[in-house]
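What follows is a single structure, written as structure tokens, with notes after it.
The values are calculated or read from the model by the stated rules, or taken from the named source; none is laboratory data. All of these numbers come straight from a predicted model, not from anything done at the bench. Don't worry about glycine lacking a Cβ; one is built from the backbone with ideal geometry, like all the others, and counts go over all protein chains shown.
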Amino acid sequence: MLAALPTASDPSAAGGLSDWIVSVMEAIGAPGAGLIVALENLFPPIPSEVVLPLAGFTASRGEFTLLGAIFWTTLGSVVGAWILYLLGAWLGLERTRALVRKVPFMSGDDVDKVHVWFDKHGYKAVFLGRMIPLFRSLVSIPAGINRMPMLPFLGLTLAGSLVWNSVLILAGYFLGANWHIVEQYTGVFQGVVIAACLLLAFVFIARKVRNSRRSVSS
């Protein structure tokens, strides 16, 4: 049974979170993995870097099939992304502008710039964003705000999620008891993404401060 799966005893495992993931998959099977992935889209602290390799490892033990793991987790990804899309559609441009104006160094013009950019590159952003930590969930919200057509959004989300989920599930499937190696490598990737985001945020704030000083001096 899944009780033999590595959990908190593994130094790289996510402790109680891994235990919980295992218990859900043990109780529900592959649909349980899909349910967790849907929740991961809504609550990013649940890491797909743990869920997906564990689902692959579980499939390798015969608890459910490899195709079942890929199917249900991809379905979960699409459902979670769709819910966030609806949130973005509910917010809309005007509510988003009102919220952004309350954020230091931000203005409604920044929202308009993102809106224009998303109109040009939104399809690529939705597809590629499904394979980038942090952006995997967040990219659905601007898609909803911009009212990207639903069918292309779902199709691109399905395609991007299928690639990401399949890679991590297959890695867990073939690595077996060493599934946690996947988490280590994806953790490095996530660290690079976070560092890049922090750098961009610093550059953005620095430019805002510089422009503000120029406007005051003039």
The one condition residue 159 fails out of (1) modelled with pLDDT under 85; (2) closer than 28 Å to residue 58 by Cα; (3) surrounded by fewer than 16 Cβ atoms within 10 Å (Cβ to Cβ) is (1)
For this session: Could you check, for the range 81-88, whether at least one of its residues is under 18 Å from the mean Cα position of the chain (by Cα) and either of a type in the set (Phe, Trp, Tyr) or part of a loop (DSSP other than H, G, I, E, B) (or both)?
Result: yes
Apart from one, (1) buried (at least 16 other Cβ atoms within 10 Å of the Cβ); (2) part of a helix (DSSP H, G or I); (3) modelled with pLDDT of 85 or more all hold for residue 97; the odd one out is (3)
With the first residue restricted to the range 153-166 and required to be part of a helix (DSSP H, G or I), and the second required to be among the basic types (Lys, Arg), Cβ contacts under 7 Å at 6 or more apart or on different chains are 157/130; 160/130; 161/130; 164/130
Please verify whether residue 129 is farther than 19 Å from residue 48 by Cα and either small (Gly, Ala, Ser) or modelled with pLDDT of 85 or more (or both), treating the condition exactly as stated.
no
When every residue in the range 33-65 that is within 17 Å of the chain's Cα centre (by Cα) and of a type in the set (D, E, K, R) is compared, the one surrounded by the fewest Cβ atoms within 10 Å (Cβ to Cβ) is 49
